[in-house]
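**Student:** Below: one structure in structure tokens.
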Number of protein chains: 2
Amino acid sequence: MNDNLDALFKPRAVALIGASQKELSIGNVIIKNLLHYQFRGPVYPINPKVDEIRGLKAYPSVLDIPGEVDLAHIVIPPPFVPEEVENCGKKGIKAIIINTAGFKEMGAEGQALEDDFLARARKYGIRIVGPNCQGIINSDPEFNAYCNFTFTFPQPGHISVVAQSGGVGAVIMQAFHDMGIGQRMYASNGNGSDVSITEIISYYGKDDQTKAVVLYAESLENPQEFIAVAKQVTSRKPILAIIAGRTDKGAEASRSHIGGLAGNISLDLIYKKAGILTFRSQEDLCHAAVALSSQPVPKGNKVGIITNTGGPSVIAIDELVSCGMEIPALSENAASVLKGTMLESASIRNPLDVVATAGPGHFKSALEVMMKEPQFDSIYINFVTPPFVDCENVAREIAAAAKAGNKPIVCNYMTDKQKWSGTSKILKEGGIPTFDFAETAARALHALVRYNEIRSAKEGEVKRFTDVNKEKVKSILENAISLKREILSATEVYTILEAYRVPVAPWKVANDVKAAVSAAGEIGFPVVIKADSEQIIHKSDVGGVAINIQNEREAKDVAERMKRDLGDGIRFFVQKFLPKGRELIIGAKAVDGVGNIIMFGLGGIFVEILKDVVFSISPVSDTEALEMITSIKAEPLIRGFRGEKGINIEKTSEIIQRISMLATDFPDIKELDLNPLFASDGNICVVDSRIIIETAPKNDYNN
Amino acid sequence: MNDNLDALFKPRAVALIGASQKELSIGNVIIKNLLHYQFRGPVYPINPKVDEIRGLKAYPSVLDIPGEVDLAHIVIPPPFVPEEVENCGKKGIKAIIINTAGFKEMGAEGQALEDDFLARARKYGIRIVGPNCQGIINSDPEFNAYCNFTFTFPQPGHISVVAQSGGVGAVIMQAFHDMGIGQRMYASNGNGSDVSITEIISYYGKDDQTKAVVLYAESLENPQEFIAVAKQVTSRKPILAIIAGRTDKGAEASRSHIGGLAGNISLDLIYKKAGILTFRSQEDLCHAAVALSSQPVPKGNKVGIITNTGGPSVIAIDELVSCGMEIPALSENAASVLKGTMLESASIRNPLDVVATAGPGHFKSALEVMMKEPQFDSIYINFVTPPFVDCENVAREIAAAAKAGNKPIVCNYMTDKQKWSGTSKILKEGGIPTFDFAETAARALHALVRYNEIRSAKEGEVKRFTDVNKEKVKSILENAISLKREILSATEVYTILEAYRVPVAPWKVANDVKAAVSAAGEIGFPVVIKADSEQIIHKSDVGGVAINIQNEREAKDVAERMKRDLGDGIRFFVQKFLPKGRELIIGAKAVDGVGNIIMFGLGGIFVEILKDVVFSISPVSDTEALEMITSIKAEPLIRGFRGEKGINIEKTSEIIQRISMLATDFPDIKELDLNPLFASDGNICVVDSRIIIETAPKNDYNN
């Protein structure tokens, strides 16, 4: 990864290969945009057939340009692209935006062209954005680079955007623009043949003027690299993202619990692991970015509320409380100060209703007191603009309080912005994030609190257990792979689990009835007997499972019946029958590029009906394992409930980490279910398990 | 209820008592607003000290006005209000908006003034809005009545707003204004001393030009009347409301399950029962109102999607699917038509990606095909405005399709509205609801679907069971009330339940040990023995409950021990000990003004940890009872799961309806818990129950 993208984002001169005199063609619009946005350097239209475009001298080729050029756009048809990349290399151009579409997404021919231009670019050390992309924008007045064919021209600001989809990027850019909010940098990298979203995020991370990063991706090339880079960035500044494709139902056809439940959640989990703030709504994301790029990070979730109107305060509290924010009472001291400074009809509590007739002095005192109150981490203001109040000076007081204090302020500003333009301007220049609705302001404040939680979360440790027997697992897997057996036998599964020191119910394998009976005796009744055969997948459907066998006679009857029904070829898997404790489920599922998704939940109805399970991307650290265990909805059952003991959290956490390590060590394991584990009396033990592995490409599973 | 509010909403002449020459005083702002909004009739400022205000002749009193007057504002201090109401009566004025605050909310003196002006108003048949309110607006060009001191001047439209909080009303009015959406009528009735929200809603219901009603209330005077009226209105046009105070934790201190769980949910339940569409966010509500007031109601939840950009389509699908909408495939026939009409790069499926270069013809064909497809109930469009497309004619095609078809269309319209003002205008004039974000457009479409579900829901029947013994319940309650006993004894509780034919586990009461042992024998072992005494509330805490008693000897031991430990005064409540089936909980809680809230859920962890319970307002109809039973999250357990039988839904529904009837018949019952009921083998039976009644005012419960 090379995140020095200065040639791309800070070009001193731009060439446009495929420049056109035709209005509304991309080759014309980009020049128009560069000129309109007052790009600081020269713009060189490249077109061998004309002399000038939009008043600029046109050149036959980049090689004819007199001065140095950092960045070129290429908007010509695909077949001509590689040669122009070569020319750019010769010219010493360091970055190219290929707006043209029609490469690898169009099949082999396009792929060949793409390979060609990439090879040439590499030869010259050129970085490529695209193909099939919009390009970049940098609002820094030193550059004013609008290397893009879209139509929204941002004011300078502190929010930088990177979007895989130019459509969503454009919507977000327009939304900030409509809110009167400036932006720093913008990039839409389309097919992402070279410069990746990860590199762009890393670049934004190092840009001092970028205070918040907005991300829209539908997939990520190298998720583990992305996580590592994004984690670095989020420790310094927030990254905000929309979860795209969260309802994709593609994975439902999968064959195990972990498969069906994991669904298309990997983007969500990647973002979580990277410390990225996620949003379901673009508007909420934009609002949060405004708050995060302008306000300090609060130390906690406790809010002081100042309002000059009733109903919106009810709505604000509903939203704040729903988000998990706290609204502590005013201290006695604060209340007594406010009793002296507020209007008689004011309501001296939290929320502090200064009433509609409150003027600048009342707001000033309210803000001073709230800012000083140590139990408030942030200030929420409902500010409606009554015609009979000096609203501009109220706004000045709010701006002054924000400047003087170190607590974030968000403001639900309810007005006609045209009529109250003076007031609006003061708030804007004071850097006060304003929102039209109480609930949107509340959610923006909540984003600040979430970011504080992310930044202050304890960094966990990924444990490497040294007591495992890797070799044994390796040989079992190699054997199964060589036989193209995707579903491991019970013997194999339990041997693997024991090799990784995952506690399992005592078991033995027996080749005949007599051995089975004797194994049962050695394990100790009651036992379970299962027909163990690679040929039988759904054992219980064919009478291949018998539970709670109390004595030798029962064991013999069962084993004989199975042999009779299922054929002489079967072996017997004999296992201790455990009293039913609290059921748990732990699983791992390999996801291309991501590694593994690890799952935890309570078993039975909790997983099957309530879907009360949590996921995390491997490797799972100790703190992540603990967070998984304690974040299911039925968490009180974990802790113990109504006399029934809780489960051993430490042992459960260790099993999760061991499974994460096992799945990470052996990428051939596609899906692994421990379902159920029984937890009781401080112990925890696997009672049933299944492992599916990757063999040769083969898709006609009988399942 | 008298919902003829024409004098209020359709005044032909308005007087302002307390008119003032002072700019920015309410007595001046209202005149300014009436003139600015071009009120069609004369405006009479009333002020004995001046001759004219804002160019209008002022009169010393309403009695001096030469012409007829329908409506008067009163903005003078409270003590002078009653006399002016009297004058209005003499003048023949039929409606008064009292903007002034300071009546009953300020104590006895204010209450006396309010009683005084109300008595005078009644004498003359005058309707009063307020006091402590904004007033009304009617945008009908025949009236142009802006009888209000706020600052947003709506264009004529089809949405009418009623808000208890003027603050929220003003925010909503401004939001529609900012969206360029007209409004029909507006009312904020403040303290609501006379004209109620219910009457205003009824009035809006009868107004042909009102296509959607927006409501904000924090409380409702007479919920049952409100429900009856709102139900009528929602059968013809949608009512949309914000749930205010949904996180209020005030009820948590209550003493039973139903109390703690019901919380402040009555507004939510009232709205549900009335068929009102509820929203958590004002913005979502406004968006939905725009869609509902301009589009036909879809027949179902199946959406056809047309898009000219990729990412926003991913986001739209996420939101639509999350909302429970379906996105069926295109028919083969439709696909084959589209293959002939779309661009080569278009993606012929649902979503139909016409691609960014699609022009009016492509949109036309897409719309024609989608409108014709019988499996689509509605059309969702993502429309970004590329600089290289004839967007105005695309907009014309969308408007034409909406006009020609009978399916609703919503549009995520992504543009710079200033630069594409022509396109925006065409969409607006075509009545196409447009939204800035994919997810907000999707949610607006979902509101249309929800309204269809409300309108097409089956009307249930409230059953009156004739086999109950009301007299018996009455005498038990009267006796307990006369003794000021709030918590009924087990004997009383079970007698009441049996009187209403609620199935309970067999039970007997015994006065001494010998009788207890004999009762146990008669019921049949195993039994439960409880110490039954009005003095012991938490029986199990003091050893007053013994379960699973197997024989006479055990029964004798237990009864003797209880007598020894708890005193000679106790009786014994002996009951059949039932095998634990699926646990249910059913409850009722009286709520002032509402009647009763009825609760249903699974017992144990489902109620205590997962809070998986549902509520409904009494009287609960058969369809409502069924909906309650099937709408809990753990619904599959109700139906039966993994070999375990489901519960008897019919019997459960009957118990819910009987409890609803019992609670409705006896308002003295404050809280009633059946917790648990055991359901197994098609039977269902109350195993424990508690009833708390209202006696004299008394709040020092020992609980």
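Every read-out reported here was derived from the displayed coordinates using simple, explicitly stated rules and does not represent laboratory data. Not measured: the values here are computed from a predicted model. Every residue, glycine as well, gets a Cβ built from its backbone with ideal geometry; the counts of neighbours run over all protein chains shown.
**Student:** Please report, in whole Å, how far the alpha carbons of region A:132-231 spread along each principal axis, starting with the longest.
**Tutor:** Over region A:132-231, Cα extents along the principal axes are 36, 28, 23 Å.
**Student:** Give me the aspartates and glutamates in straight-line cross-link reach of residue A:372: C-alpha distance below 20 Å, same-chain residues under 8 apart excluded.
**Tutor:** Of all the aspartates and glutamates, those that pass the test against residue A:372 - Cα under 20 Å, at least 8 places apart if same chain - are A:326, A:332, A:353, A:397.
**Student:** At a threshold of 8 angstrom on Cα-Cα distance, excluding pairs fewer than six apart, so keeping six or more, what relative contact order does chain A reach in percent? Write out the running numbers ahead of the final one.
**Tutor:** Numbers: 1496 pairs, mean separation 58.4, N = 703.
Relative contact order for chain A comes out at 8 percent.
**Student:** Any idea what the residue A:458 label distances to the other copies are, label 7 Å down the Cα→Cβ vector, nm, shortest first?
**Tutor:** Taking the point 7 Å beyond Cα along Cα→Cβ, the inter-copy spacings are 5.5 nm.
**Student:** Something else: Express as a percent, rounded to the nearest 5, the fraction of DSSP beta bridges in region A:296-456 (both residues included) that run antiparallel.
**Tutor:** Values: 1 of 17 bridges.
Here the share of antiparallel DSSP bridges comes out near 5 percent.
**Student:** Counting only other chains, what is the mean number of Cβ atoms within 10 angstrom of the Cβ of each residue in peptide B:316-324? Mind showing how you got there, number by number?
**Tutor:** Details: counts 0, 5, 8, 4, 1, 4, 3, 1, 0.
For this peptide, the per-residue mean of nearby foreign Cβ atoms is 3.
**Student:** Something else about it: By how many degrees, 0 to 90 and rounded to 10, does the Cα axis of helix B:438-456 deviate from the longest principal axis of chain B?
**Tutor:** The two axes meet at around 60 degrees.
**Student:** In square nanometres, what is the average projected area of the Cα convex hull of region A:6-291?
**Tutor:** Values: hull surface 61.9 nm².
If you wrap the Cα atoms of region A:6-291 in a convex hull and average its projections, you get 15.5 nm².
**Student:** About the Cα centre of region B:296-456, what is the dipole size in debye to 20, counting +1 per Lys and Arg Cβ and -1 per Asp and Glu Cβ, all else neutral?
**Tutor:** Details: 16 positive and 17 negative charges, 90 e Å.
Around 440 debye, computed over region B:296-456.
**Student:** Can you tell me the relative contact order of region B:475-578? Whole percent, Cα pairs under 8 Å, sequence separation 6 or more.
**Tutor:** Working: 157 pairs, mean separation 37.5, N = 104.
Contact order relative to length: 36 percent.
**Student:** Would you work out which of B:666, B:313, B:156 lies farthest towards the positive end of the dipole of the protein assembly as shown, given +1 charges on the beta-carbon of Lys and Arg and -1 on that of Asp and Glu, about the Cα centre?
**Tutor:** B:156
**Student:** Restricting to DSSP H runs of at least four residues, report the calculated mean residue ellipticity at 222 nm for chain B, -39500 (n - 2.57) per run over all residues, nearest 500 deg cm²/dmol.
**Tutor:** Values: 24 runs with 267 residues, N = 703.
Mean residue ellipticity, 222 nm, calculated: -11500 deg cm²/dmol.
**Student:** Next question. Which whole number gives the average, over all residues in B:276-282, of C-beta atoms from other chains lying within 10 Å of the residue C-beta? All intermediate terms of the calculation are to be shown ahead of the outcome.
**Tutor:** Details: counts 0, 0, 0, 1, 5, 9, 8.
Shielding by partners across B:276-282 averages 3.
**Student:** So how much slack lies between residue B:357 and residue B:418, counting 0.36 nm per residue of separation and subtracting their Cα-Cα distance, in nm? It would help to have the intermediate numbers written out before the result.
**Tutor:** Details: separation 61, 0.36 × 61 = 21.96 nm, distance 2.15 nm.
Result for the pair: 19.8 nm of gain on full extension.
**Student:** Using the Kirkwood radius over Cα pairs, work out the Stokes-Einstein diffusion coefficient for region A:100-157 at 4 °C and 1.567 mPa s, in µm²/s as a whole number. Can you show the working numbers first?
**Tutor:** Working: Rh = 13.4 Å.
Estimated via Stokes-Einstein, D reaches 96 µm²/s.
**Student:** Right, another one. List, shortest first and in nm to one decimal, how far the label point of residue A:548 (7 Å from Cα along Cα→Cβ) is from its counterparts in the other copies.
**Tutor:** Here residue A:548 shows inter-copy label distances of 1.5 nm.
**Student:** Follow-up question, since we're still on this one. Excluding same-chain pairs closer than 8 in sequence, count the lysine pairs in region A:506-577 whose Cα atoms lie under 17 Å apart.
**Tutor:** Taking the Cα cut-off of 17 Å, the pair count is 12.
**Student:** Can you check what the Kirkwood hydrodynamic radius comes to for region A:296-456, Cα pairs only, in Å to one decimal? It would help to have the intermediate numbers written out before the result.
**Tutor:** Working: mean 1/r = 0.0652 Å⁻¹.
Taking the inverse mean of 1/r over all distinct Cα pairs, region A:296-456 comes out at 15.3 Å.
**Student:** Apply the a/c threshold of 1.5 to the C-alpha gyration tensor of region B:36-151 and tell me whether it is rounded, prolate or oblate. List each step's numbers first, then the result.
**Tutor:** Numbers: a/c = 1.66, a/b = 1.43, b/c = 1.16.
Because a/c hits 1.5 or more and a/b exceeds b/c, region B:36-151 counts as prolate.
**Student:** What spacing in nm lies between the two simple spin-label points modelled at residue B:23 and residue A:209, each 7 Å away from Cα in the Cβ direction?
**Tutor:** The answer from the label model is 4.1 nm.
**Student:** Still on this structure, I have one more. Of A:231/A:407; A:633/B:458; B:339/B:425; B:32/B:91, which sit over 29 Å apart, Cα to Cα? Could you put the intermediate results ahead of the total?
**Tutor:** Working: A:231/A:407 25 Å; A:633/B:458 34 Å; B:339/B:425 31 Å; B:32/B:91 24 Å.
Those over the limit are A:633/B:458; B:339/B:425.
**Student:** Among A:493, A:604, B:324, whose Cα sits farthest toward the positive end of the charge dipole of the protein assembly as shown (+1 at Cβ of Lys/Arg, -1 at Cβ of Asp/Glu, about the Cα centre)?
**Tutor:** Comparing the listed Cα positions along the dipole, B:324 ranks first.
**Student:** Also, I was wondering about something else. Relative to the other copies, what are the label-point distances for residue A:48, with labels 7 Å from Cα along the C-beta vector, expressed in nm at one decimal and sorted shortest first?
**Tutor:** Nearest first, the other copies' label points are 9.6 nm away.
**Student:** Counting Lys +1, Arg +1, Asp -1, Glu -1, what net charge surrounds residue A:92 among other residues with beta carbon under 12 Å of its beta carbon? Can you show the working numbers first?
**Tutor:** Values: positive: A:90, A:91, A:94; negative: A:68, A:70.
Neighbourhood net charge equals +1.
**Student:** Grab the other residues whose beta carbon is less than 14 angstrom from that of residue B:154, score K and R as +1, D and E as -1, and report the net.
**Tutor:** Taking every other residue near residue B:154 into account, the sum is -2.
**Student:** Across peptide A:168-176, what mean number of C-beta atoms from other chains lies inside 10 Å of a residue's C-beta?
**Tutor:** Details: counts 10, 1, 9, 12, 2, 0, 6, 3, 0.
The per-residue average across the peptide is 5.
**Student:** Right, here's the next one. Nearest 10 degrees is fine. How inclined is helix B:332-341 to the longest principal axis of chain B, computing both from alpha carbons?
**Tutor:** 20 degrees
**Student:** Restricting to bridges with both residues inside chain A, how much of the DSSP beta-bridge set is antiparallel, in percent to the nearest 5? Could you put the intermediate results ahead of the total?
**Tutor:** Details: 55 of 103 bridges.
Approximately 55 percent, going by the DSSP bridge assignments.
**Student:** Over region B:506-577, with a single point scatterer placed on each C-alpha, what log10 of the ratio I(q)/I(0) does the Debye formula yield at q = 0.14, 0.19 1/Å?
**Tutor:** After summing over all Cα pairs, the log10 values are -0.32, -0.60.
**Student:** Could you give log10 I(q)/I(0) at q = 0.17 Å⁻¹ for region B:532-639, computed by the Debye formula over C-alpha point scatterers of equal weight, without solvent?
**Tutor:** -0.91
**Student:** Could you give me D for the protein assembly as shown, from Stokes-Einstein at 20 °C and 1.002 mPa s, where the hydrodynamic radius is the Kirkwood radius over C-alpha pairs? Units µm² s⁻¹, please.
**Tutor:** On the way: Rh = 36.2 Å.
D = 59 µm²/s.
**Student:** If the viscosity is 0.890 mPa s and the temperature 25 °C, what Stokes-Einstein diffusion coefficient in µm²/s follows for region B:421-498 when Rh is the Kirkwood radius over Cα pairs?
**Tutor:** Working: Rh = 18.6 Å.
For the chosen part, D equals 132 µm²/s.
**Student:** State the antiparallel share, in %, of DSSP beta bridges confined to the protein assembly as shown, rounding to the nearest 5. Please list the in-between numbers first.
**Tutor:** Values: 110 of 206 bridges.
Of the beta bridges lying entirely in the protein assembly as shown, close to 55 percent run antiparallel.
**Student:** Can you pull the percent of Cα pairs in chain B with separation above 45 Å? Write out the running numbers ahead of the final one.
**Tutor:** Numbers: 99214 of 246753 pairs.
Beyond 45 Å sits 40 percent of the P(r) for chain B.
**Student:** While we're on this one: Ranked highest first by the average count of other Cβ atoms within 10 Å around their residues, in what order do B:302-314, A:670-682 fall? Working shown, then result.
**Tutor:** On the way: B:302-314: 24.8, A:670-682: 21.7.
Ranking the peptides B:302-314, A:670-682 by packing returns B:302-314, A:670-682.
**Student:** Projected onto the charge dipole of region A:1-140 (+1 at Lys/Arg Cβ, -1 at Asp/Glu Cβ, origin at the Cα centre), which of A:36, A:79, A:131 gives the Cα projection farthest towards the positive end?
**Tutor:** A:36
**Student:** Okay, moving on. Against the longest principal axis of chain B, how steep is helix B:649-665, in degrees 0 to 90 to the nearest 10, with axes from Cα atoms?
**Tutor:** The answer is roughly 80 degrees.
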